[in-house]
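The values are calculated or read from the model by the stated rules, or taken from the named source; none is laboratory data. Since the structure is predicted, the reported quantities are computational estimates derived from the model, not experimental observations. Counting neighbours? That spans all protein chains shown, and the Cβs are built from the backbone with ideal geometry, glycine included. What goes into the accessible areas is simple: the full protein's heavy atoms, side chains included, and nothing from ligands, DNA or RNA. Shrake-Rupley method; radii C 1.70, N 1.55, O 1.52, S 1.80 Å.
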Amino acid sequence: WYILADELIPGGESLLRNLLEGSRAAAGFGGGMRVLYSPDAFGHPAVLPSLAREFGIRFGVAWRGVGRAGRQDRDLHRWIGRDGSVMLLYHLPRDGYSVGAGLATAGRELGHEWKTIRRQLTERAVTGQVAVFVGADHHAAAPDLAGLAERLQALEPEHEVRISGLGEYFEALSGVFERQLELELGAAVALTGELRRADQHTWVLQGVHGTRSRLKRLHSTAELLLLRLAEPLAALAAMAGGRDQRHLVGTAWRTLLQAQFHDTLGGCCSDLVAREQEVRLNGLNALAREVALRGLSHLAGHDADRAREAPGQTSPSLVLWNPCARPRQGIVNAELTWFRSDVLVGPPGDRRARSGPGFQPGVLVSSTGKRIPFQVLGVRPGYDRLDADHHYPDQDRVDRVFVAFQSPEVDGLSVERMELRPGSAAPAAAGLEVAPDRMANPFVVLRISSVGEMVLEDRSTGERYPGLGLLEDEPDAGDTYTFSSGRGRVARGGRALSQSVVAPGPLLGAVEVRWTMASAGGGDLSLRLLVTLRADSPIVGLRFDIDNGAAGHRLRARFPVGAGEEAVAGAAFGIERRTPAAPAADCPLERPVSTAPAHSFVAAAEDTRGLAILAPGFFEYEWTVDRDLVVTLLRAVGELSRGDLAERPGHAGWPEPTPLAQEPGTHAIALAVAPIQEIELFRPDQLARMWEDAFLPVQAVFFRQFARADDAAPALPPISLEGDGLVFSALKPAESGCGWVLRCYNALAVETEGCWALARPIRRALRLRADETPVEEIPAGADGTSVGFRAGPGQIVTLGIEFR
């Protein structure tokens, strides 16, 4: 690893890039340990055995969440990934990675200390090889390891004591003891799926998934912006002859990875660390947006310097970019600006500020000449700055105009430019109805109460879903590691303030609801819900604006499904199927949580009845025995660690006040909900597409002064990923040499066939491991512009492409 990250909060590509960056860094020191060492992460995703194989790694080490497979405490397990990859996993003992940390300083008590540790290690040993960890976090390296080995050897005359790393330990297992290991593990229960088991081995600390939710949302924004916008735009622009920005993209990735350290991203850190995390992520967002804008400008053929030098030869243009590997069209939002006046910076001298009329009616004109009217959502005064490499920034007062329009079809990973011209056409009616308490389109009917509770009706099936989005606030007496149910009742409802139509259609409708609620933890919550519905989609957008003036509470939104046995949640390179958490039995060490982590979506259904809850990135949810999906919006706690919790007796860290973890102030939380049917649970690639349509739509960037570059490169041909079950993951430049890397994964439990259609002559195509080691050459299709491949169940597929 590059950094010891949390493994359940970052997305799959982040975990992969962590290993990629770690391998690169380790090579500078002569090579890395070929072991996936994860001694302190708060649980482990099911994809880790597959990722290990993608990097040529056969072994792993874990502590939390492994549990006791078959009710046996064993030090070695086979862990099988979704694609059938097998990892030999060493499960750390109860005392974890620091089990032998005190041996080096035990002095005369060494014999006594060793006797206790020896028993713990040998009783769970599968083979005659016993690993004794003699380090710990928060410690310097143990002094005089050679001397310690000699003293232990004197206590073990019948055995060999030697100093080794994990690599040597595993090689010994797979070498001299390979046959014994095969026999021993052959009868053992194999580990499958994610490792989040709570038992009497050690804490798993799954409460971190709801802690410091503001920072987790900021992280998800940065991760999405870098992976799906900045990196592919930079790669496409470079392939089209633009500036090579891979050094900036690399800096951005390292910054993101540094923000994923398990305690920091988990939120179980001091407020000082949390502040630094916010600074790091905000800086990353700024860098990624600039990289994306430069890439898009080149692909669109825009010359910012020329726009400044010859403003009379410019035209206001809206550039569309489709970040998905499939053609798309539909209703898109955009921000346009109209000039009002100059902002003169510095002593004015003889300069005079120009002025303009501001917003004027207009239409968009596509590259084919089609006139596209737009719906005005709002007009606000503001500022717009025109930047260029060789000119001082030009700041103007403008009217910021927010619009919705019907986008023309944009091919996969392609750019389309439209000009803004004067006009007065209005969008045609599209079957969208909007009132303060009711919204409807051809797909759904939605009723909204004065405290944000909704009733959704699916017009295609007739299914009706009451009680959606109802906010529930409960006391939280826990710490940053663990939710603990406090004294007091759950608060619901509140005092209604206002309810009004914000956007009446015809393309996009929006209703705003405002109310207040007395928090169950003491204090008040000021709440605003913005509900949006497009004329062309069953997806209902929800934005919760929360002003948190309360402490010691957990705020959640409930979505009753009323059907289904299991919830299907997005996870790293796949999905997790989870049943409702069983009631906690006698668990004196740590009570299992009822919540679980999710990426992008969670869904449940039976027959024609079901719901999908979508979010921009990572979130925490609960699937209840009553068949409700409950999404955590925020946890507010004031202690890093408490030692008196019924759910987890003992301190998980040092006690320290964490007033920032009380999450004071405003939060903007985006969700979406859509009706689904049971068949969609077996096509998670379709759920991923629904998420893309909700939170990764066609991107629209306005250039108030667009100037065509003299040397503008011809438009790149479209890129599309074809094949049932396949989910696009990444487009990036190759780590070495020229060409692109394209990655996807098979979300299905069966093998599937796929094809990258690139519409450009291919010189060479390679199947790669995720570390970009070549596996085999793949012939291009008969047209010379496509590459076909097979993807096994749950398999990650990475291709390297070089063009003619």
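From the list Gly96, Gly100, Gly67, Gly43, the lone residue that is more than 23 Å from Gly31 (Cβ to Cβ), open to solvent by less than 30 Å² (accessible area, probe 1.4 Å) and in contact with a His (Cβ under 8 Å, 6 or more places away or on another chain) is Gly67. Counting the residues of the range 167-213 that are over 23 Å from Val132 (Cβ atoms), free of Cβ contacts under 8 Å to residues at least 40 places away in the same chain and outside any loop (DSSP other than H, G, I, E, B) gives 4. Checking each residue in the range 134-161 for being at pLDDT 95 or above and assigned to a loop (DSSP other than H, G, I, E, B) picks out Glu156, Pro157, Glu158, His159, Glu160, Val161. Exactly one residue out of Asp547, Asp536 is more than 19 Å from Gly610 (Cα to Cα), open to solvent by 10 Å² or more (accessible area, probe 1.4 Å) and part of a strand (DSSP E or B): that is Asp547. Answer yes if at least one residue in the range 667-689 is modelled with pLDDT of 95 or more, over 24 Å from the mean Cα position of the chain (by Cα), more than 30 Å from Arg326 (Cβ to Cβ) and in a strand (DSSP E or B), and no otherwise. Scanning the range 667-689, I find no residue that is modelled with pLDDT of 95 or more, over 24 Å from the mean Cα position of the chain (by Cα), more than 30 Å from Arg326 (Cβ to Cβ) and in a strand (DSSP E or B), so the answer is no. Do we find a residue being over 37 Å from the mean Cα position of the chain (by Cα) and at positive phi anywhere in the range 319-332? Among the residues of the range 319-332, not one is over 37 Å from the mean Cα position of the chain (by Cα) and at positive phi, which makes the answer no. Ala730 meets the stated requirement of being outside any loop (DSSP other than H, G, I, E, B) and closer than 20 Å to Arg246 by Cα. Among all positions in the range 76-91, there is no residue which is within 24 Å of Ala652 (Cα to Cα) and surrounded by fewer than 20 Cβ atoms within 10 Å (Cβ to Cβ).
When Thr608 is tested against (1) polar (S, T, N, Q); (2) over 30 Å from Gly794 (Cα atoms); (3) open to solvent by 20 Å² or more (accessible area, probe 1.4 Å), only condition (2) is not met.
Considering only the range 522-530, I want to know if a residue exists there that is open to solvent by 50 Å² or more (accessible area, probe 1.4 Å), under 28 Å from Thr658 (Cα atoms) and not aromatic (Phe, Trp, Tyr). Yes, the range 522-530 has at least one match.
Leu166 satisfies every condition listed in (1) open to solvent by less than 30 Å² (accessible area, probe 1.4 Å); (2) of a type outside the set (Ser, Thr, Tyr); (3) more than 29 Å from Gly31 (Cα to Cα) except (3).
Residues are listed down the side, and each one gets a yes or a no for (1) open to solvent by less than 10 Å² (accessible area, probe 1.4 Å); (2) modelled with pLDDT of 95 or more; (3) out of contact with any Lys or Arg (no Cβ under 8 Å at 6 or more places or on another chain):
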| site | (1), (2), (3) |
| --- | --- |
| Ala700 | no, yes, yes |
| Pro717 | no, no, no |
| Leu742 | yes, yes, yes |
| Leu748 | no, yes, no |
| Asp771 | no, yes, yes |
| Ile778 | no, yes, no |
| Ile801 | yes, yes, no |
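The set of residues in the range 223-232 that are touching a strand residue (DSSP E or B) at 6+ places or on another chain (Cβ under 9 Å) and either open to solvent by less than 10 Å² (accessible area, probe 1.4 Å) or among the polar types (S, T, N, Q) (or both) comprises Glu231, Pro232. Listed by first and then second residue, the pairs linking a residue in the range 763-782 that is in contact (Cβ under 8 Å) with a residue 60 or more places away in the chain and of a type in the set (A, V, I, L, M) to a residue that is part of a strand (DSSP E or B) and surrounded by 14 or more Cβ atoms within 10 Å (Cβ to Cβ), with Cβ atoms under 9 Å apart and 6 or more places separating them unless they lie on different chains, are Ala770/Arg743; Ala770/Ile796; Ala770/Thr798.
Annotation note: Cβ proximity below 9 Å between a residue of the range 18-46 that is farther than 15 Å from Leu195 by Cβ and assigned to a strand (DSSP E or B) and a residue that is of a type in the set (Ser, Thr, Tyr) and open to solvent by 10 Å² or more (accessible area, probe 1.4 Å) (sequence gap 6+ or interchain) occurs for Val35/Tyr169. Filtering Val451, Val511, Val455, Val445 for residues that are in a strand (DSSP E or B) and in contact (Cβ under 8 Å) with a residue 40 or more places away in the chain leaves a single hit, Val511.
Restricting the range 611-652 to residues that are open to solvent by 10 Å² or more (accessible area, probe 1.4 Å) and touching a Phe, Trp or Tyr at 6+ places or on another chain (Cβ under 6 Å), which is farthest from Trp691 (Cα to Cα)? In this case the residue turns out to be Ala652. Whenever a residue of the range 518-539 is under 16 Å from Asp458 (Cβ atoms), its partners that are among the charged types (D, E, K, R), lying with C-beta atoms within less than 9 angstrom and at least six residues away or across chains, give the pairs Ser537/Asp693; Pro538/Asp458; Pro538/Arg459; Ile539/Asp693.
Scanning the range 240-269 for residues being surrounded by fewer than 20 Cβ atoms within 10 Å (Cβ to Cβ) and of a type in the set (Phe, Trp, Tyr) gives a total of 1.
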